[in-house]
Every structure is written in C-alpha cells, then in structure tokens.
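Chemist: Sending over a structure as structure tokens; questions will come in a sec.
A short reminder: the numbers here are calculations on the coordinates, not readings from a lab. Since we're looking at a predicted model, the values are computed, not measured. For neighbour counting, all protein chains shown are included, and Cβ atoms are generated from backbone atoms with ideal geometry for every residue, glycine included.
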Amino acid sequence: MTNHWIDIQHADVIMCIGSNPAENHPISFKYVEKAMDNGAKLISVDPRYTRTSSKADTYAQLRPGTDIAFIGGMMNYILENDLIHKEYVVNYTNAAFLVSDDYKFDDGLFSGYDSENFKYSKESWAYQLDANGNPKRDDSLQNPRSVYQLLKQHYARYTPEKVCEITGTAIQDYMEVIRTFAATGKAGKSATIMYAMGTTQHTYGTQNVRSYAMMQLLLGNIGIAGGGINALRGEANVQGSTDYAILYHILPGYLKVPTYDNKTLKAYNDKWTPKSNDPQSANWWSNTPKYMASLLKAYWGDAATEQNDFCYDYLPKRSGNYSFIKLMERLQNGGFEGLVCMGTNPIVGGPDASAIADGLDGLKWMVAADLWETETSVFWKRPGVDPKTIDTEVFLLPAASSVEKDGSISNSGRWAQWRYKAVNPPGHAESDAFMVDQWVKNLKKMYAEDKKAVFPGPITDLDWNYGDGHEPSIDMVARECNGQFTRDVTIKGKTFKKGQQVPSFAFLQADGSTTSGNWLYCNSYTEQGNMMQRRGQEDPTGMGFYHNWAWCWPVNRRVLYNRASVDLNGKPWNPNKPIISWNKVTRKWEGDVPDGGWAPMKEDGTKSPFIMLPEGYGRLFAGGMADGPFPEHYEPMESPVRNLMTKQQSNPAVAIPGKIDNSGKYPYVGTTYRVSEHWQAGAMTRNLPWLVELVPDMFVEISQGLADWKGLKNGDMVTVTTERGKIEARALVTSRIKPLRVSGKMVEQVGMPWHFGFNGLATGGTANVLTTAVGDANTTIPEYKAFLCNIEKGGLKS
Amino acid sequence: MSVSRRNFLKGGGLAAGSIALTGKPSQASVDKPALRTKGLQTSTTVCPYCAVGCGMIVHRKDGKIVNIEGDPEHPINQGSLCSKGSALFQVANNERRLTKVQYRAPKSDKWEEKSWDWAMERIAKRMKDTRDRNFVKQEKINGEMYTVNRNEGMAMIGAAALDNEECYLLGKFARAMGVSYLEHQARI
Ligand code: SF4
C-alpha cells in the first residue's frame, strides 16, 4: 500500500477493483464505511456482485482479465476532457518528458519486439536526453513526442463503446464510474484504489496495477490523504516475507540478486546502482552499495572484509528465472533432489496443481514444516496414488503457531507489529526459527568436519550468534535486521560506538562499518528499543498516522510519496487533510515523516518527490517494463473471444504454454476467489470446527441461466473440467454471478473458491487443478483469475 | 489545523497515552471486562490471517490459552475481528495440530514418530549431500566461464506464515546454502 488502512477514511471516492474487502479484508471495510459516512462514493468493479458491491454506490461488472481496457477507457475520458490535475502532472510526473523518436506502437506491438523469444528489446522506450544526460521536457505538454501526447494518443482508441464491448460492462454503469472517479482530479479531492489478486493474477497483472497507478498520477491522487494505490495483501506477513526477500530475484530490502555477470561487488554495484545527472533527483537507490555491504556484513560478520568484497563471492549468482512456475516446471522434470516447504501447500495453492503433485513424486526428500498435516505433506498417499511407487523420504515438522513465539509481522500498510509468545507450542512443536537454527548448527558442524566438502565457506563463515537458548533469540535477530555499528565511527557529525544500533538507513555505510540485515527495516530497532513493540495511541494531527503505534517502513513514514501531497510551496493540495505541510518559520515539514526532508520544490537545493526513481518523477511512461511502456489490452491466455483492440490476442511478452484450450471445448470463463471463512490453501481454516461449520463444502458459483441450461439446482454435484484437469463441487446458483455480453455474444462465468483439498477436517475439490501455469510477463504470477472451463451435472464418480 | 473530535475526547489523556515503549507484554494495558477474564494473564498479538493486521489480546491461565479477542486499543481494528480472526482460539487449541516429528520412509504408506535430534541431523545430512552433489561452481554462458556458486539440487518455498525475523534467518540460511530456487506465496 502507498497509504495505510486507516487512511482510507479520508477518501472522497473509493474504487475496489480486483478486490473484495468486505469479505476478504473485513475489518478494513470499517474505513470504507467511515469514508462513506463522510460522503465518499464507493465503486465496486468485479465480475461477481460481491458483498463489497452490495455496499457500493456504483457497481460495474467486468469480465475477468479486462482491467486495462476498463482503466484505459477511464484515462481516455480524463485526457480528452482535460480532467487531469495539471500542476501535479507537469511537476511531479514524467508527462512533460520527451520520448525517443524510435519508440512506436503498432497494432498491439511496441517497438523492439522479438517474436521468436517473446521478448522486447527496450532501447527505443527511452527519453530524449539533453547535453547533460537529463530528459528533455516540454512543460506545455504540446510536443507530439511528450509522454503526455503519446499517452493521449495511445488511449484514444479506448472509447467507452469499445471498452464495454470488451469488458461486458453496461455502458451507463461505466460512465457513472468514470464521471465519479474523474471528479477527483482537482486539488482538494481524493480517490483511492483498493486492489488485490483479481488485479495481479493475470499474464499482464503488473500492467493492470500500472494502469491504476497512471490514472492516479493523472488525477494527482498519489501521496495524498485518501489516495494512492493500495494492495490488499492476503496473508498476515506476506508484505514482510517480500521485504525479507524469500524470492529468487531479490535480497532483503529489494536489493537485486546478483546475476552471473556481476563478477565482483564493484561490478554488481555498477550494474544495479542507478545513475542520475539531475541535481534535483534524490535517486535513493544510489545508496545501493551501502545497503549491499551492510547486508553482506550481517550475513558473514567478521569474515566479510573490504579486501574480500565482503564475501560477495559466497552469494549464489543467478543466470535465469527461478520463479514459482519455473521452479515447479523443474520439479516436474526431476530437477530437484530435495524440497523444503515452510508453511506452504503448493498442491492446493499452486497453478495446475495436479502437475505439481506429480512433480513431488520425483523427489529424494521433502521437508514440510507446518501446524497441520497438509495435502502437500501427504502427497505420497493422495487419492489415486500407490505409496509403494513413491521413493521420497518425507519429514513433517510440527511448527509453533503465531501465539506460541515472539516476532514481528508487517501488514499491508507496512506496519511492522510485534507478536508475543503467550504459551508454549503443543507437544513437541517448535518455531520455524528453531528449525532453521538447528539446520545451520548441524551443517556448520558437518562442513567443518568434512575435509572434502564442496565450497564450505558460506556455511562455516556464516555469522550465526543468536544466544545460547533452546531457540535463537528473536530479539537479537531483530537487532541484526535493523543493523549495528561494527566499530567506533563518526558519521554526519555523530559518533557511534561499536555494537550500537544504527539509528536509520541514512547512516549505513559501504565500508563495512555497519551491518543491516534489511536496510528498509533500519530504524525499527534503535538504541531507544524495539520500535515494533510500541503501543502509543495518540493521534495529535487527527489524521490517523499513529506514529507511536508499532513502526512502519521506511523510517516510520505512514504515507509513501507524501512530498507529492503538497504544491510547489509546500502547501497541502488539501489543507483540511494534510499529510505533510511546510512550516516557513521553522523551515521544517510537519505531519507525517516526509519523503526526504528537503525544502519545497520552489526552493533551491530541493529534490523531486518520487525519490526511488532515478529521474525523480512518477512514471506515466515506464521504459523498464517487460511488456511495454504503456499498459495495453490483451486477452487472457484462455479467452472466449478475439482481442477487439488489436490483432495481438495475448500478451506478446508471454510465451504461450502447452496446456491451453484453443478449441472452444471449454465455453465458460472460470475464475477463483476467497471467502471470509476460509483462507488461502485452507490448512489454517479447514481444520477449525467453527469455520468448517460455516463453510463446509467446495462449491462453484453459477448463474441462474447456466443452471437452467444444464438442468442444475442449488446444491447439485457438478464436475468442472479444463485442459488441466477436473474437479467436483456443489453448484451454488446465485444472482450474484451473471453472464456478460462480450463482443456481441453472451459469455457465462463460473466462480469458485480455491481453499479446498483432499485432506483436513473439511475436504473438497481443489480449484487450482483447473488453473493455468502461465505467468505475468514481469513477475510470473500465475494467471489464476481467468481460464476456460466446462461444467456438467454429476460428480466425478457418478 | 483544528482539533478533531477524536483528539478533543481524548483530551488530557494524550501525555499518559504516549508511553513510547512497553517493553514487556504484560505492560500492554488492555480493557479487561472484569468477570470473564479476572485473574488471567494477558499478552497482545496480531492476527495471522489477512494483512489488515488486527490486534488481539490473548488470555491465558496455567499455560493454556483460554480466550482470544480483539484488542480495543488497537488503532486499526479497535477491538473488532472478522470470522477468521475470531477463530484463532481454535488454532491454539486444536486436536488436529501436529505435536510430534513425523517421518515417512521411501515406499512406506504411513508416518513414524521421530525425535527432533534424529530428524534435524538427518535433514541436515540430506541437505549437505544434495548441495555437494549438485553444486554448480562455474557455468559457461555464451562461451565465457562465470562463477555462479549455486546449489541446484534443492528448492525452498514458503515464508508468508513466518515472522519477519524468521524470514530473515531462512533467507540467510538459503543463500549460504547456495539455494537460488527460493520462492513463496508472494509470487502466487
Ligand atoms: S481479524 Fe479478519 S480482517 Fe482482521 S487481520 Fe484477521 S483476518 Fe484480517
């Protein structure tokens, strides 16, 4: 989230698209309703009429996977009718920048396309540069090569009629959405977008998000109270586990994982530290070398010295894409001996789930740490499989639950909050930290003793000192995550002693004098104590920042990009709802922690507000994307219609996978969702009697029309089939799900929750048996949210 | 700016409420409906389900959790919880929870109980053998040799259910082991 949960109350317009907070983030809806009590309008854009829709002023139905068409049409209306927040757009976004003459867009393809490799070369997606190497600009926005004019031209094709033909939205609903939302392009008005997996789980999911961000930039809605684009994250600590980089492509704090050609630390720094010649650009990532050196020092301690590149050699270097889908492909090809699953259940939660289950059969060993016996941990006795044919050794380790251990988690609004251990785990269960600690200690011993061990250094030198307790001291780990001084130093006129906590990432160094396990969390545990444990309830501004409640990254800033919430003189666009404002007397910002303390933009020596980008301006045109600098509508990999916008059917930057229906065998659009009573792959809810009683069975939701056509009544068993597999479930016939008129024909939708599996107190068909293992061009998140299926009366056995 | 109704109501309570650090869980002051929770020890926690991050109070007696409810002092949820958060009590008290280390031998159709020591040593051994057998020190790409130091024999997945500090330890361990196939729920 750019903003945070409590901030939603400040919005004038709230658009829930690809999300259903009333059911899936229920307590957040408190703030939606609070805003509505103050006169805000709620828009719900969803294939299904959800409980969020039932509270909305406007409900607009759209076909799964057509967000870019929907938002593109909104941007077109905003641009055609000049409803942008002009001062914001000119000063804070790259609208005025001039784009290279080589950049082109033609019938669905951007310049630089390589059809053999489903890849773009992005050289032409660049700015025109002046003699100093800075982007050329035209503040009148009239230059035909300006981002603004190219944007306008790009979306001119997205007329309301065309959009609604693609999305299936009723045009009067669509126009109401546009007019309501576009009205927030004035100083003093705000709109927020609340989105979730309905947005991201597409082959162009990143571009879906980008389209929201671009529209919000055009309306001046980023950085302000009640604004932003806000991802409603589905797991309690999925924000934290991302920040801590349990991902193939990043290191803690979003540092890049080194690639094979970054031969030395210097080469790594040269490659990944962005450069800017603009003195007005803070270019925050120019600090990369400091953060990287501090991370390496946290990993390898005294063994990491300036002379040995801080053990940079010890980090594995990647030479490919190892994301979840690729990992599972490799598993299915017998590429792994071992797999460690920490509280995860991929044969329910992963795409094309049966294929993942089959892949597990080829492992030599598997470790699963969990509170429950999950489907994945008993894959060797799943239905239809003879355990005797499976050679895998499986270790199932009983894990502690959240109330049985100490530690912090980070919510969607980036608040890191501490949880305390209340009781011991049941029986012999232990925390995940205990398990990792045991592995490290055993392996350190084994590597030290084995003279023939392969490349033992990364393990034997690993700095691993978390006390002498039964499990690691989480307090000591939290201190290391923040970072410490490794020697007495003076930085920025302040003197620090060896062993002291680093006060914030502004003090991290590239010379080995600091450690930090995650620079983004530097400031979470200072000499004043563990900030994540704070419980101060005061709210002196009345804006709901709660600066003394827990701690939030970065440096306790509650709203990101907040220097865009003020005009060039530092006066809030909305003086009644200031995030920050410039006090001319004290020459300081007041309110939230500012995104850098520099003076307002009118003054000398200041910096532009979008400090994480080397140019310092919000990107309407983004040359770094895999699939084009502007979001463009394509159809999902499996779609019932041709692309009406261009002749490119699917995202050109995504290779078309094997198990795809091109035959029309599967006429209905399938999509997955969650219910309030269950959670993710289900182990944490399908084993709880209270929740099982509320929602005991797997179901598929269909329209009355489809039920009549198939001779189905509510509660009948049905079989749903796709190119990947089939499942059975009970039919739930509702008026919440309706067919859509798309490109002149009626298309039926089938919706289903994805929480069920064959094991646990409540069992049922696994929706992900049906979904496609094809990923987004930028992130490779699977396209769970749109596939083609068929539905027939009767269960699998009947 | 003007004083909001909220601040006005809180009035002089501001100073008293602004204890920056509680340090210990028992110091976290929470509403205690007198009868129901009398004599119980309390601590605070945050909901493990969605990422709204609702605060909760855990009541315990004799080392057992006897009640979990919304934390009325928590600025986000102000005491309320949804269906899942309200059911956390049944995670803490549930016969279906795993309580012992289980091992399934190749071709076997059942679990066997094992000790932690046995399991951890054996797992570490498997990890070491796998790493040493499948370690790619160098790789030839476009005719040139590059040092890559990757362990290609194993993958590690999951982490969204772990605490930040646990994620940090897991990531540190994974990288020391040379594991590049490291992924979790954020990607899916
Ligand atoms: S109580 Fe409900 S809304 Fe609150 S964090 Fe838990 S799951 Fe989310």
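Chemist: Take the alpha-carbon positions of segment A:337-421, form their convex hull, and give its projected area averaged over all directions (one quarter of the hull surface) in nm².
Modeler: Average projection, Cα convex hull of segment A:337-421: 6.8 nm².
Chemist: Now for a different question. Modelling each spin label as a point 7 Å along the Cα-to-Cβ direction, I'd like the A:T389/A:D511 distance in nm, to one decimal.
Modeler: Reported label-point gap for A:T389 and A:D511 is 6.5 nm.
Chemist: With just the Cα atoms defining each centre, how far is segment A:448-481 from segment B:41-86? Give it in Å.
Modeler: 34 Å
Chemist: State the extension gain, in nm to one decimal, for the chain segment bounded by A:V454 and A:D37, taking 0.36 nm per residue of separation less the distance between their alpha-carbons.
Modeler: 143.7 nm
Chemist: Working out 0.36 nm times the residue gap between A:D697 and A:M476, then minus their Cα-Cα distance, what length gain in nm do you get to one decimal?
Modeler: Length difference between fully extended and current span is 75.1 nm.
Chemist: Cα centroid distance between segment A:599-664 and segment A:14-63, in Å?
Modeler: Between the Cα centres of segment A:599-664 and segment A:14-63 lies a distance of 25 Å.
Chemist: Name the residues whose placed amide hydrogens come within less than 5 Å of the amide hydrogen of A:L770, ignoring near sequence neighbours (fewer than 5 apart) on the same chain.
Modeler: Counting only residues 5 or more places away or on other chains, the set is A:A353.
Chemist: Antiparallel versus total DSSP beta bridges in segment A:668-793: what percent is that, nearest 5?
Modeler: 65 percent
Chemist: Return the long-range amide H neighbours of B:I141 (sequence gap of 5 or more, or a different chain), with a cut-off of under 5 Å between placed amide H atoms.
Modeler: B:Y146
Chemist: Based on the Cβ-Cβ distance from A:K271 to A:N81, what FRET efficiency comes out when R0 is 51 Å, to the nearest 0.05?
Modeler: 0.70
Chemist: Also, I was wondering about something else. Quote the relative contact order of chain A in percent (integer), defining contacts as alpha-carbon pairs under 8 Å separated by 6+ residues.
Modeler: Rounded, it is 16 percent for chain A.
Chemist: Here's a follow-up. Take every DSSP beta bridge whose two residues both sit in chain A, then give the antiparallel share in percent to the nearest 5.
Modeler: Bridges in chain A are about 55 percent antiparallel.
Chemist: May I pose another question? From the phi of every residue in segment B:128-133, what ³J(HN,Hα) in whole Hz does the Karplus formula 6.51 cos²θ - 1.76 cosθ + 1.60 yield, where θ is phi - 60° and glycine or proline is x?
Modeler: Here the 3J(HN,Hα) series is 5, 4, 4, 4, 5, 6 Hz.
Chemist: Could you state the per residue volume, in Å³, of the convex hull enclosing the Cα atoms of segment B:101-187?
Modeler: Here the figure is 154 Å³ per residue.
Chemist: How high is the FRET efficiency from A:T159 to A:S663, r the C-beta distance, R0 35 Å, rounded to 0.05?
Modeler: With R0 = 35 Å, the Cβ-Cβ based efficiency is 0.65.
Chemist: Related question: Apply 1/(1 + (r/R0)^6) to the Cβ-Cβ distance of A:K119 and B:N93, taking R0 = 60 Å, and write down the FRET efficiency to the nearest 0.05.
Modeler: Taking R0 as 60 Å, the efficiency between A:K119 and B:N93 is 0.65.
Chemist: Describe numerically, in nm with one decimal, the distance between label points set 7 Å from Cα along Cα→Cβ at A:S140 and at B:W118.
Modeler: Between A:S140 and B:W118, the simple spin-label model gives 8.3 nm.
Chemist: May I pose another question? Distance cut-off 25 Å, Cα to Cα: go down the list A:K136/A:K162; A:K122/A:K162; A:K405/B:K64 and report the pairs above it.
Modeler: Correct reply: A:K136/A:K162; A:K122/A:K162.
Chemist: So, with +1 on the Cβ of K and R and -1 on the Cβ of D and E, and no other charges, what is the size of the charge dipole of chain A about its Cα centre, to the nearest 20 debye?
Modeler: Here the size comes out at about 980 debye.
Chemist: Another one. Taking H placed 1.01 Å from N in the peptide plane, check which residues at least 5 places from A:V340 or on another chain put their amide H under 5 Å from its amide H.
Modeler: The answer is A:V367, B:A155, B:M156, B:I157.
Chemist: Also, I was wondering about something else. For the protein assembly as shown, count all C-alpha to C-alpha pairs, find those more than 47 Å apart, and express that count as a whole percent of the total.
Modeler: So the pairs more than 47 Å apart make up 23 percent of the total in the protein assembly as shown.
Chemist: Pop a pseudo-label 7 angstrom from the Cα along the beta-carbon direction at both A:N321 and B:D62 and give the gap in nm to one decimal.
Modeler: 5.8 nm
Chemist: For chain A, what is the calculated [θ] at 222 nm in deg cm²/dmol (nearest 500), taking -39500 (n - 2.57) for each run of four or more DSSP H residues and dividing by its residue count?
Modeler: My calculation for chain A gives -6000 deg cm²/dmol from helical runs alone.
Chemist: If the limit is 30 Å between Cα atoms, which of A:K55/A:K571; A:K421/A:K497; A:K297/A:K452; A:K41/A:K86; A:K388/B:K100 go over it?
Modeler: Where the Cα-Cα span goes over 30 Å, the pairs concerned are A:K55/A:K571; A:K421/A:K497.
Chemist: For segment A:290-347, with only Lys/Arg (+1) and Asp/Glu (-1) charged at the beta-carbon, what is the dipole magnitude about the Cα centre, in debye rounded to 20?
Modeler: For segment A:290-347, the charge dipole is close to 240 debye.
Chemist: For segment B:101-187, what does the relative contact order come out to in percent, with C-alpha contacts under 8 Å and a separation of six or more?
Modeler: Averaging sequence separation for qualifying contacts and normalising by length gives 21 percent for segment B:101-187.
Chemist: Shifting gears a bit: Distance between the C-alpha centers of segment A:83-160 and segment A:579-596? Whole Å please.
Modeler: Computed from Cα coordinates, the inter-centre distance equals 33 Å.
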